[in-house]
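K.L.:
Quick one: the structure is below, and I'll ask about it shortly.
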Amino acid sequence: MSAKPRGRFITVEGVDGAGKSSQIDVIAQAIRDRGIDLVITREPGGTPTAEKIREILLHDEMSPKCEMLLMFASRQENLDKVVKPAIAEGKWVLCDRFTDASYAYQAYGRNQPKEWVDLLADFVHSDISPDRTVLFDIDTEIAAARLQRKLDRFEAEEKDFHRRVREGYLTLARNEPERFLVIDSSQPKDEISAFLKEEFSKWG
């Protein structure tokens, strides 16, 4: 019996309010329409333990270094319990944020050394990285205006923080253009959805 083909690992990124969450279901449906077994997860979160860490991260004050370490602790749980097992079984995984978010939020946003993220990423997942990353990009002031809810600790940060996060994401995308698919999320939702359906009906 031949071994199952390795699954694919797709991540979705963007500043808060970029509209990525509303398009994850569109990507998922396009993949499932091809008969592919798909698992959807998120970071921080994805397992009961990681979800507890998420609540701490989103609502409790802490130092930037503690924040970074907790992000990777949650990531380790999600990788061990959800992502890696699914991929080993030949399933595809669609994850709302991954280590690119740590570069964007902790290194660029919090002005922490990029080398610390490099070190933690190598420690936690030197054996796996995203096959494709969809980055929803938008002006941060437009994104902030879209957030019609009680804001978490990250969403409530000052404007310059969100500008740095956006620039971090765009820098990552420029450095790895073959992995990143950058979406102008100021476009109408229907246009974005149609593009994503077409893209993921054939990718991979």
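The values are calculated or read from the model by the stated rules, or taken from the named source; none is laboratory data. Keep in mind it's a predicted model, so treat the numbers as computed, not measured. Virtual Cβ from ideal backbone geometry, glycine too; neighbours counted across all protein chains shown. Side chains included, ligands, DNA and RNA excluded: accessible areas come from the protein's heavy atoms. Shrake-Rupley method; radii C 1.70, N 1.55, O 1.52, S 1.80 Å.
K.L.:
For the range 64-96, how many residues meet the condition of being touching a residue at least 40 places away in the same chain (Cβ under 8 Å), touching a strand residue (DSSP E or B) at 6+ places or on another chain (Cβ under 8 Å), of a type outside the set (A, V, I, L, M) and open to solvent by less than 10 Å² (accessible area, probe 1.4 Å)?
P.N.:
Result for the range 64-96: 1.
K.L.:
Next question, about the same structure. Can you go through Val124, Val134, Val182 and tell me which one is aliphatic (A, V, I, L, M), out of contact with any strand residue (DSSP E or B) (no Cβ under 8 Å at 6 or more places or on another chain) and at negative phi?
P.N.:
On inspection, the qualifying residue turns out to be Val124.
K.L.:
Here's something else I'd like to know. Being small (Gly, Ala, Ser), within 17 Å of the chain's Cα centre (by Cα) and surrounded by fewer than 21 Cβ atoms within 10 Å (Cβ to Cβ) is true for just one of Ala156, Ala121. Which residue is that?
P.N.:
Ala121
K.L.:
Which of the residues that make up the range 119-161 are assigned to a helix (DSSP H, G or I) and within 20 Å of Cys95 (Cα to Cα)?
P.N.:
The answer is Leu120, Ala121, Asp122, Phe123, Val124, His125.
K.L.:
Restricted to the range 1-53, and to residues that are in contact with a Gly (Cβ under 6 Å, 6 or more places away or on another chain) and assigned to a helix (DSSP H, G or I), which residue is most open to solvent (accessible area, probe 1.4 Å)?
P.N.:
So, considering only residues that are in contact with a Gly (Cβ under 6 Å, 6 or more places away or on another chain) and assigned to a helix (DSSP H, G or I), the one most open to solvent (accessible area, probe 1.4 Å) is Glu51.
K.L.:
Of (1) closer than 30 Å to Ala30 by Cα; (2) open to solvent by less than 40 Å² (accessible area, probe 1.4 Å), Ser129 satisfies all except one. Which?
P.N.:
Every condition holds for Ser129 apart from (2).
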